[in-house]
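Encoded as structure tokens, the structure appears first; notes follow it.
Derivation of every value follows stated rules applied to the coordinates shown; laboratory data play no part. It should be emphasised that the depicted structure is a prediction, and the values quoted were computed from it without experimental measurement. Because the Cβ atoms are built from the backbone with ideal geometry, glycine has one as well, and the counts that use them run over all protein chains shown.
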């Protein structure tokens, strides 16, 4: 059984906050590579990381990550 | 004087270095095991000093690669940098790489099992081949995943 794809608006939210991938990575305590893979949909973040990203971008997890319709 | 690097910048550099080391040493490790078979002149005689040294170095390299792969490396840095070197995506890549290693090992064991009735394979030769696959396959797969993740 394949993994359910996860859509995200992380890149747009990050850009709206005026942050680079490196800035956001530093805020949530991961490397730029992890932010890059999440934005590209290659890596599905853990619940903890999703919550940290939401907090760093002052958004809700649901606003950043969505299941496809 | 150059400005002090942040933990993220140090981790980023250490990450690239780790990938380069894993890549080069995995290839070296794999090539080296080929020379072990070629250089073993009389298979059932006691090992010569040169063979003991070769075997010992090969085992040492295997341990170093396995430890580097499983801990994330960066032992000379502080806790914060080590945590960045072993962040979420790194752990996910490691899990995928180890799964690839498992399948490589299973396929290799199947191949050896199938070849056993036709080719005489000593236990040490089989162990050597299995160890090489168990180390090289996950290490190379890990580097591949890390490099792909770093592309923009």
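Give the average, rounded to an integer, of partner chain Cβ atoms located within 10 angstrom of each Cβ in B:15-24.
Whole-number average of other-chain Cβ neighbours for B:15-24 is 0.
Tell me the label-point distance for the pair residue A:22, residue A:40, using the 7 Å Cα-to-Cβ offset, in nm and rounded to one decimal.
Distance between the two pseudo-spin positions: 1.8 nm.
Restricting to DSSP H runs of at least four residues, report the calculated mean residue ellipticity at 222 nm for the protein assembly as shown, -39500 (n - 2.57) per run over all residues, nearest 500 deg cm²/dmol.
Mean residue ellipticity, 222 nm, calculated: -23500 deg cm²/dmol.
Report the label-to-label distance for residue B:48 and residue B:98 in nanometres (one decimal), using points 7 Å from each Cα along the Cα→Cβ vector.
Placing both labels 7 Å beyond Cα along the Cβ direction yields 4.0 nm.
How far apart, in nm, are the 7 Å Cα→Cβ label points at residue B:21 and residue B:121?
Here the modelled spin labels are 3.2 nm apart.
Quick check: Cα centre of segment B:86-107 to Cα centre of segment A:4-60, how many Å?
The two parts, judged by their Cα centres, are 23 Å apart.
If you line up the long axis of helix B:7-39 against the longest principal axis of chain B, both from Cα atoms, how many degrees apart are they, to the nearest 10?
10
How many Cβ atoms of partner chains, on average, are near each residue of A:42-50 if near means within 10 Å of its Cβ?
That average works out to 3.
Under a GNM of chain B (C-alpha, springs under 10 Å), which listed residue has the highest mean-square fluctuation: B:120, B:20, B:91?
Evaluated over chain B, the most mobile residue of the options is B:120.
How high is the FRET efficiency from residue A:9 to residue B:106, r the C-beta distance, R0 30 Å, rounded to 0.05?
Calculated value: 0.15.
Please give the average number of partner chain Cβ atoms lying within 10 Å of the Cβ of each residue in B:78-89, rounded to a whole number.
4
Cut-off 10 angstrom, C-alpha nodes, Gaussian network model of chain B. Which of B:17, B:141, B:94 fluctuates the most?
Of B:17, B:141, B:94, the most mobile in the Gaussian network model is B:17.
To the nearest 10 degrees, how steep is helix B:49-71 against the longest Cα principal axis of chain B, on a 0 to 90 scale?
The two axes meet at around 40 degrees.
Please determine, in degrees from 0 to 90 and to the nearest 10, the orientation of helix B:123-150 with respect to the longest principal axis defined by the Cα atoms of chain B, where the helix direction is its Cα long axis.
Taking Cα atoms only, the helix is inclined about 20 degrees.
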